[in-house]
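Written below as structure tokens is the structure these notes are about.
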Amino acid sequence: MRPCLFILLPFFGWMTCNSCQTAPSTPAITPERKDSIPIKLITGFNEGKVLFQQYCSSCHRPPVKQGHHNETLVGIFDRMPAPSTQYFIRYIQDSKALERAGDTYALVVAREWHYTGAHHFKDSITAEAMRSLIVYLRVTGSR
């Protein structure tokens, strides 16, 4: 009986050890999960467009490549400090606070564009709404 145990124990140990090393299975992408991604992007784009028209269009034109005097927002996320999405939200919430703190990018924008105004949407646009605005700016600026 003992010789059988010596043969079987290593075998079971090998099987359990191999089962621990296999990669965990990834959840299947169901049609509902797959379809929700484009819907969220479309919804975010449409919400961002409304926000842009409501809050930004009085000073900025939509970021369309090869447009006349409206390319200031094209590629804006490439010019901002990383991580640019988080920085954009901070800048839109209160650009003057960033200037007062000595933020290099905010100071350069104010100096180069002779900008005396302030982006102060901390109380009027939620962070989730700002993400929709980011989707709109990224998509529109890449066209």
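Quick one: HIS114, HIS119, HIS60, fewest Cβ neighbours within 10 Å first, how do they rank?
Working: HIS114 6, HIS119 22, HIS60 13.
Ordered from fewest to most neighbouring Cβ atoms within 10 Å, HIS114, HIS119, HIS60 come out as HIS114, HIS60, HIS119.
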Q. Between ALA118 and SER84, what is the label-to-label distance in nm when each label sits 7 Å out along the Cα-to-Cβ direction?
A. 2.7 nm
Q. What is the distance, in nm, between label points placed 7 Å from the Cα along the Cα-to-Cβ direction at ARG61 and at SER142?
A. 2.3 nm
Q.
Compute and list, largest first, the equivalent-ellipsoid semi-axes of the range 34-141 from the alpha carbon gyration tensor, each √(5λ) rounded to a whole angstrom.
A. 23, 16, 13
Q: In whole Hz, with x marking every Gly and Pro, tabulate ³J(HN,Hα) for the range 73-89 from phi via Karplus 6.51 cos²θ - 1.76 cosθ + 1.60, θ = phi - 60°.
A: 8, 5, x, 4, 6, 6, 8, 7, x, 7, x, 5, 5, 5, 5, 4, 4
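Please report TYR115, TYR87 as a ranked list, fewest other C-beta atoms within 10 angstrom at the top and most at the bottom. Provide the component values of the computation, followed by the final result.
Numbers: TYR115 14, TYR87 17.
So the ranking, lowest neighbour count to highest, is TYR115, TYR87.
FYI, it's all coordinate maths here, none of it is from the lab. Values in this document were obtained by computation on a predicted structure and should not be read as measured data. No Cβ is skipped: glycine too gets one built from the backbone with ideal geometry, and neighbour counts run over all protein chains shown.
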